[in-house]
1. Quick check for me: using +1 on Lys/Arg Cβ and -1 on Asp/Glu Cβ, what's the dipole size of the chain about its Cα centre, in debye to the nearest 20?
2. Rounded to whole Å, give me the distance from the Cα center of the stretch 119-183 to that of the stretch 31-93.
3. Between residue 25 and residue 184, what is the label-point separation in nm under the 7 Å Cα-to-beta-carbon projection?
4. Which lysines, on any chain, are close to residue 98 with Cα under 25 Å apart, when same-chain ones fewer than 8 places away are left out?
5. In the neighborhood of residue 89, defined by Cβ-to-Cβ distances under 12 Å, what is the net charge if each Lys or Arg adds +1 and each Asp or Glu adds -1?
6. Local charge sum around residue 106 (other residues, Cβ-Cβ under 11 Å, Lys/Arg +1, Asp/Glu -1)?
7. Given contacts defined as C-alpha pairs under 8 Å and at least six residues apart, what's the relative contact order of the stretch 1-101, whole-number percent?
8. Before anything else, pin down the relative contact order of the stretch 103-188: Cα pairs under 8 Å, at least 6 apart, normalised by residue count, whole percent.
Amino acid sequence: ERAFAFLDLTDSTAWAERLGPLQFTDFKNDFFADVAEPVLATGGRIVQYVGDEVMVSWPMARALRDGAPLRFYFLVEDRVGHRAEHYRSRYGEVPRFKAGVHGGWVVTAEVGDIKRDIVHSGDVVNTAARIEGECRPRGHRLLVSRELADRMALPDRIALTELGEAALRGKSAPVGLCVAERVELAEG
């Protein structure tokens, strides 16, 4: 049983067009380097990179105990924010990103013949990817399945708001979604 986050750069096609292939590769490598420390800090593991997206996984016990996938997202946000001037001076703007989070039972197995790889398979992985795909049309940056949210301890200063059910592509039943957002402390 594992939790997954699909973290995807926003507007990467425009970035690639503007920067060109070499500088876009540097940009992605800078961004992925900024993702690495939050992965380690939350006890996660990078499963794979696909283009401009990174798939991260946590043992379910870890995800439930301290909301690791949600903490991960906001740690990346903090890291990128801290390095905003670096991104502006080198690439012209600061990367934006979005993520979908879900968890449950998967099968982990070695696949392939010519090229072997260890992969996580199952509906859980597909659902997490589909949830990430709902971010843009719904205007949110971090969506989590209601199923996982109901089980997960919320980190400090992070709140969830229910969005209702969504008919995700390829799913026979709708999936409940929540938006996760950072709660700002009131001054005083």
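Please treat every number below as a calculation from the coordinates, not as lab data. Please read these numbers as outputs of a predicted model, since none were measured by experiment. Glycine also receives a Cβ, built like all others from the backbone with ideal geometry; neighbour counts cover every protein chain displayed.
1. 140
2. The stretch 119-183 and the stretch 31-93 have Cα centres separated by 17 Å.
3. Roughly 4.1 nm, to one decimal.
4. Within the straight-line limit of under 25 Å, residue 98 reaches these lysines: 28, 171.
5. 0
6. Overall, the nearby charge balance is -1.
7. Result for the stretch 1-101 is 43 percent.
8. Worked out over the stretch 103-188, it gives 24 percent.
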